[in-house]
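The values are calculated or read from the model by the stated rules, or taken from the named source; none is laboratory data. Remember, predicted model here, so these are calculated numbers, not experimental data. Here Cβ is always computed from backbone atoms with ideal geometry, including for glycine, and neighbour counts include all displayed protein chains. Ligands, DNA and RNA are excluded from the accessible area calculation, which covers all protein heavy atoms including side chains. Shrake-Rupley method; radii C 1.70, N 1.55, O 1.52, S 1.80 Å.
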Amino acid sequence: MSEERPDRMLSADWAVEVARHSRVFKPAGLGPFPVALILHGCGGKTPFLEDYARTAVQAGWAAVVVDSFRPRGYSSLDAKLFVCTGVALHGLKRSADIFAMLAWLERQGWADAGRVFLAGWSHGGWTIMDAYAIGEGAARATTLADADAAKLRQRVRGALLVYPYAGYPSLTSARGWGDRGPRVWSVLGGKDQVVGWKAPGKALDRLARDGLPVDRVFYADATHAFDDDRANDPRARYRPDLFAQVRTYFAGALGACA
């Protein structure tokens, strides 16, 4: 397994590595388009996330399915053995990818870098939450010398958190995001045996107490990864009906942030 890069890099330099392994989806035309950054779970950049990217395109947004593993030299087996078990690449460290991609969007003529939406599934949701919770400590935590919490506050219009990991050592429940975070949409499952629903619910409660607008969808009979038809966790049960509902929910969130 490779090192948890980056290390004392600039955001734009790390962005080159992340972007070349990620996939861009764009509406027809030249743009500039608002952009949804889609962050995968610990299983990696799996195909179902591309359906969410296509949903964004239909809503008039560009989308980037960000690959956090290949730039670090992680194989699928590495991810299962080390990331899914919490040994390597915690959400806080991975949040470097968010700051990097914000810098990368500044250089893309098709992108409106001032209108960004963050969407994260499981480990990707943890990554988004810790990016906000760390605040002014972002440069130290990510080892990106220019990681700037102000860019999150100024450029990100909203965030979608789908069955996000929010247990130890995630930061949101204890620290919150302050009172200048984005509007939040969330999806939790009552039969989620991976991240549960109580810890994510506690994190969302903290955001609401801090004054952030938090919208919640709770599917009482949904497992973890219910929207992934190729989920490799035996506890997951694919629900195409709920998958369709969450895509509609995502489109609505994007529409509210356009």
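Looking at Gln108 and the list (1) within 22 Å of Ala150 (Cβ to Cβ); (2) outside any loop (DSSP other than H, G, I, E, B), which single condition is not satisfied?
Among (1) within 22 Å of Ala150 (Cβ to Cβ); (2) outside any loop (DSSP other than H, G, I, E, B), the lone unmet condition for Gln108 is (2).
Suppose we filter Arg239, Arg206, Arg230, Arg216 for residues that are touching a residue at least 40 places away in the same chain (Cβ under 8 Å) and either at negative phi or within 18 Å of the chain's Cα centre (by Cα) (or both); which single one remains?
Arg230
Can you find a residue that is in contact with a strand residue (DSSP E or B) (Cβ under 8 Å, 6 or more places away or on another chain) and either open to solvent by less than 50 Å² (accessible area, probe 1.4 Å) or of a type in the set (Phe, Trp, Tyr) (or both) anywhere in the range 234-244?
yes
Before we move on, is Phe218 at pLDDT 95 or above and not in a loop (DSSP other than H, G, I, E, B)?
Judged against the criteria, Phe218 is a match.
Is it the case that Asp205 is open to solvent by less than 50 Å² (accessible area, probe 1.4 Å) and of a type in the set (D, E, K, R)?
The answer is no for Asp205.
Under 7 Å by Cβ, and 6 or more places apart or on different chains, what pairs join a residue from the range 11-38 that is closer than 25 Å to Leu144 by Cα and in contact (Cβ under 8 Å) with a residue 24 or more places away in the chain with one that is small (Gly, Ala, Ser) and loosely packed, with under 14 Cβ neighbours inside 10 Å?
Going by the 7 Å Cβ cut-off, the qualifying pairs are Pro34/Ala258.
I want to confirm something. Restricting to the range 14-43 and keeping residues that are in a helix (DSSP H, G or I) and out of contact with any Leu (no Cβ under 9 Å at 6 or more places or on another chain), which single residue is most open to solvent (accessible area, probe 1.4 Å)?
Only one residue fits best here, namely Arg20.
Go through (1) surrounded by 18 or more Cβ atoms within 10 Å (Cβ to Cβ); (2) farther than 18 Å from Arg247 by Cα; (3) modelled with pLDDT under 95 one by one and return the number of the condition Thr46 breaks.
(2)
Within the range 155-168, track down each residue that is open to solvent by 30 Å² or more (accessible area, probe 1.4 Å) and either touching a helix residue (DSSP H, G or I) at 6+ places or on another chain (Cβ under 8 Å) or of a type in the set (S, T, N, Q) (or both).
Across the range 155-168, the qualifying residues are Arg155, Arg157, Tyr165.
Under 9 Å between Cβ atoms, at least 6 apart or on separate chains: pull out the pairs that start in the range 41-62 with a residue that is more than 24 Å from Ser95 (Cβ to Cβ) and end on any residue that is modelled with pLDDT under 95 and outside any loop (DSSP other than H, G, I, E, B).
Here the result reads none, with nothing in the range 41-62 linked to a residue that is modelled with pLDDT under 95 and outside any loop (DSSP other than H, G, I, E, B).
Please determine whether any residue of the range 238-252 is in contact with a helix residue (DSSP H, G or I) (Cβ under 6 Å, 6 or more places away or on another chain), among the hydrophobic types (A, V, I, L, M, F, W, C) and at pLDDT 95 or above.
yes
Collect the residues in the range 86-102 that are more than 19 Å from Pro200 (Cβ to Cβ), open to solvent by 10 Å² or more (accessible area, probe 1.4 Å) and either without any contact (Cβ under 8 Å) to a residue 24 or more places away in the chain or of a type in the set (Gly, Ala, Ser) (or both), keeping them in residue-number order.
Matches in the range 86-102: Val87 only.
Considering only residues that are farther than 14 Å from His40 by Cα and among the polar types (S, T, N, Q), look in the range 71-85 and name the one that is most open to solvent (accessible area, probe 1.4 Å).
Thr85
Does Gly125 qualify as being touching a strand residue (DSSP E or B) at 6+ places or on another chain (Cβ under 9 Å), closer than 17 Å to Cys42 by Cα and either open to solvent by 30 Å² or more (accessible area, probe 1.4 Å) or assigned to a strand (DSSP E or B) (or both)?
Taking the combined requirement at face value, the residue does not satisfy it.
For Asp130, work out the one condition from (1) surrounded by fewer than 22 Cβ atoms within 10 Å (Cβ to Cβ); (2) part of a helix (DSSP H, G or I); (3) not hydroxyl-bearing (Ser, Thr, Tyr) it doesn't fulfil.
Only one criterion in (1) surrounded by fewer than 22 Cβ atoms within 10 Å (Cβ to Cβ); (2) part of a helix (DSSP H, G or I); (3) not hydroxyl-bearing (Ser, Thr, Tyr) is unmet by Asp130, namely (1).
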